[in-house]
1. Here are some residues: B:GLU81, B:GLU10, B:GLU102. Which one is modelled with pLDDT of 90 or more and loosely packed, with under 12 Cβ neighbours inside 10 Å?
2. Based on what the data block shows, is B:GLU414 more than 14 Å from every other protein chain (Cβ to nearest Cβ), of a type in the set (Asp, Glu), loosely packed, with under 15 Cβ neighbours inside 10 Å and within 29 Å of B:VAL334 (Cα to Cα)?
3. Mind counting the residues in segment B:188-213 that are charged (D, E, K, R), over 16 Å from B:VAL231 (Cα atoms) and in contact with a strand residue (DSSP E or B) (Cβ under 9 Å, 6 or more places away or on another chain)?
4. Just to be sure I understand, how many residues within segment A:17-30 are closer than 21 Å to A:ALA167 by Cβ and buried (at least 16 other Cβ atoms within 10 Å of the Cβ)?
5. Which condition number in (1) within 25 Å of B:GLY68 (Cα to Cα); (2) in contact with a strand residue (DSSP E or B) (Cβ under 8 Å, 6 or more places away or on another chain); (3) buried (at least 22 other Cβ atoms within 10 Å of the Cβ) is the one that B:ARG120 fails?
6. In segment B:371-393, how many are more than 14 Å from chain A (Cβ to nearest Cβ) and either buried (at least 16 other Cβ atoms within 10 Å of the Cβ) or farther than 25 Å from A:PRO93 by Cα (or both)?
7. Just to verify a result, which residue in segment A:70-98, among those that are of a type in the set (Gly, Ala, Ser) and surrounded by fewer than 23 Cβ atoms within 10 Å (Cβ to Cβ), is nearest to the other protein chains (Cβ to nearest Cβ)?
Amino acid sequence: MLEIKNLHATVESEGTEILKGVNLTVQKGEIHAIMGPNGSGKSTLAKVVAGHPDYEITGGDILYNGESILELDPDERAHAGIFLAFQYPVEVPGVTNTTLLRESYNTIAASRGREELDPLEFDDYIKEKLDLVEMNPDFLGRSVNTGFSGGEKKRNEIFQMAVLQPALSLLDETDSGLDIDALRIVADGINKLHGNEDAVVLITHYQRLLNYIVPDFVHVMIGGRIAKSGGKELALELEEKGYDWLESLATVNGEAK
Amino acid sequence: MTAAHPTRIEPSIFHRLAMHSPDPENRLWTGIREKSMMKLNSTGFPHRKIEEWRFTDLKPITRTEFSGMDKAGIKPAAGIEQYFIPESDRSRLVFINGRFYENFSSIGGLGKGVTVGNLRNYPKSKIVQDYLNKLVNYEGDIFTAYNGLMFEDGAFIHLEKGAKAEAPVQVLNLYTDSEKPFIANPRMLVVAEEESDVTIIEDHIGLGQNCYMTIPVCEVKVKQKAHIHHVRIQRDSIEAIHMSRPIAYVEKNSEYHSYTITLGAKLSRNEPRVIQEDEEVDFTLDGLVLIDGEQIADTHSVMDHRFSHANSHQLHKVVVNGRAHSIFNGKIFVRRDAQKIDSFQENRNLLLSLDGLVNTKPQLEIFADDVLCSHGATIGNFDPEEVFYLQSRGMTEEKAKEVLTYAFALETIENVKVDSVHKLLVEEVYRYTKANSTPKAKVTVS
C-alpha cells in the first residue's frame, strides 16, 4: 500500500535536511509503529507523506498503491485515502466540526466511489461515530478544535478518522497529552477502526500506547533514517534500554548524525 | 486631531452646489441651514496633509464633477421591493437619493409610544427642536456642514418612555442610477426615551453602477435604561462615495450596540462616534469590511468614555483583496475620573492580495488609572497550518481559503439579531468569499 524509497526531505525555507534516506513498506491490514527520539524526523515523515508544503523532497519516492504521490496536493492525497492525525490539531474558529466533516466526507466520498450523504443522512452517520470516541454530540456544533483541551483535540482527530474512513492513517503522537482514560478510549477507537483493508502508522514517543494497540512492526528512527526495525518486542527493548544503543548503531558508518 | 488649516479654505464643490439648494422655499430648517452655511464657509476641504486624512485618497471626490440633483439625469428606481425585510413589513421608511417616499414606506406596526416618520413632518416637535443637529459633533468636518445645509427629509424615530418597538425599523436608503454624479444627504434622528427599546436596520443600496456621493448623518440619543441595536449595511454602487457620520450619546444604564457592514462604494469614510453621558453604560461599535478591486474603506471611530463604569466593545474585521485599501483609526478616550472602564478594541485584517493595503491605528488616550483597555491590531494572510489542515481533510486550497475567509468574516455578524438581515449578511459574506477564492485572488502561503 505504502512504499517509501530512500526518501530525502529538507525544510523548504531553511534547506536543512531532515529525512536522510527513509525506507519503509506498509501493507494492507498492518499496524506499524515508528518510534525514536525527539528531532529524529518521525513527525516530518508523517507530514511529508500527507503533503505538507513546508518540506521539499530532494530524493527518493513515495509510492501509494504503486504510484508516486509526490506531485499530489494534500487534498488529492486525502481523496486517495491518506489521513494524517495531527500532533497539534489546528483550531479553525468559525467552522463547525459538522461543516468540516461533511465537506470532507463528501469530497472524499466522491473521489473514492462512495455515495455522498445529504445533511440529514450525514447527521445520522456521524452520530454513530461519536460513540466510538465517547464524544458528546454538542461537540459537533462547536468550532473545530477551538477552545478544546489537548485531550479533546486528539480525540477529535480520531473522530475525524472514524468519519472519513481512510485507507492509510498516519497518527502523529496521538497519544501525547492524553491521560490514561483518554488514551484507552483513543486506542480502543483505533483498534475498532482498523481492519484488513486499511493500514495504520503510529508515530509515538512512548511504548505506553503500544500496550493498547499492538503493532505488527516497530521501527526506530534516528537522525532522519530508520535505524532498526523489528516486531512488537522491539518496543519493549527500547523501553528498557532507551535509544542510546541505537544511536551508536546509526553512526557506525560515520555518515548520519 | 488637526483641524483644517484656515488659510487653505478655497471654494469647494460644496460651496458651488450650495448656491442652488433645490428647495429655496423650504424654511423648515432655517436655523440649521444658517449654522451649517457658516460652518461650510469656515471649513476647508480635507487633504492628506491633515493627520486625520493622511491615508485616505480623496481623488474619487475631487476629480468628480457633481451636478445638482435636478441636473443629474436621475433615472427611476425599479424593483425596490426586493430590499424590504419581512420583519419590517409595517415599520419601514424608504428614502430615494435622500428624499422620503411615503408610498414605499409603511409605519403602522410598531406599537404604542413609537413614532416613526419623515423628519419634515415634525418641524414643531419638541424632540426634533431639542436634538436635531444639536448632537452632531464633528469639528472641522465639511461633510456634516454640507448635509446640514442641504438635507430635506430624514428618518425620525422616537420612542416614548418604556416603549418597546414591536418590530425592527428598516431605514432603507436607495440611490438610483443617473447620467451624472449627484450628492445625496440622508439624515436620521433617533431618540429613545427612558427604558425604551428599538432595533434599527439602516441600509444603503446603490441600484446602478453609477457614481454618486451620499453623506448620511445620523444622530442618536439613548436615554436612561434604553436599548438600541443599530445595524448599518453599506451596499452602495461600486463607483459611489459614502461619507457617513453616525453619532450616539448614551445615558445612564443604557445600551447602544452598532454593527456596520461595509461592502460597497469606491470610497467610504465611516466616522461612528459614541459619547458616554453618564455612568453604567454598555456599547458596541463593531464593523465588518469586505473590499476588493479599487475600493477604499476608511473607518475613523471615537469611543469617548467620560464617566465611570462603562463596557465598550469594538471588533473591526477587514478582508482586503485586489488593490483595495482599508484604513482604520480607532480612538478610545478615557477621561480623567472615568474609572472602572472595561474597553475592548481589536482590528483584524485579512490581506488576501499582494496589491492590497491596510493602514491601522488604534489610538488610546487614557487619563484615568483604574481601567481595563485591551486593544490589538493584526494584519495577515491565512495561517498556512490552517490551510494545510483543511487540505489534509480533502478540501482544495481554494476551498480551504474560502472556508477560512468565510469563518473570519462571520464572527462580526453573529450578533445581528434580525433573522432575515443575518441571513442576508451571511449570503453577502458567502458571495464575497466565493468571488474571491477564484484563482485571480490566489496567494502563495509559504
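The values are calculated or read from the model by the stated rules, or taken from the named source; none is laboratory data. Not measured: the values here are computed from a predicted model. Note that we place each Cβ from the backbone using ideal geometry, even for glycine, and neighbour counts take in every protein chain shown.
1. Of the residues listed, the single one that is modelled with pLDDT of 90 or more and loosely packed, with under 12 Cβ neighbours inside 10 Å is B:GLU81.
2. Judged against the criteria, B:GLU414 is not a match.
3. 2
4. 4
5. For B:ARG120, the failing item is (3).
6. So the count comes out to 5.
7. Within segment A:70-98, the match that is nearest to the other protein chains (Cβ to nearest Cβ) is A:GLY94.
Every residue, every condition in (1) touching a Gly at 6+ places or on another chain (Cβ under 8 Å); (2) under 21 Å from A:ILE222 (Cβ atoms); (3) at pLDDT 95 or above, yes or no:
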residue: A:HIS32; (1), (2), (3): no, yes, yes
residue: A:GLY51; (1), (2), (3): no, no, yes
residue: A:ASP54; (1), (2), (3): no, no, no
residue: A:ILE69; (1), (2), (3): yes, no, yes
residue: A:ASP73; (1), (2), (3): yes, no, yes
residue: A:ASN106; (1), (2), (3): no, no, no
residue: A:ARG112; (1), (2), (3): yes, no, no
residue: A:GLU115; (1), (2), (3): no, no, no
residue: A:ASP118; (1), (2), (3): no, no, no
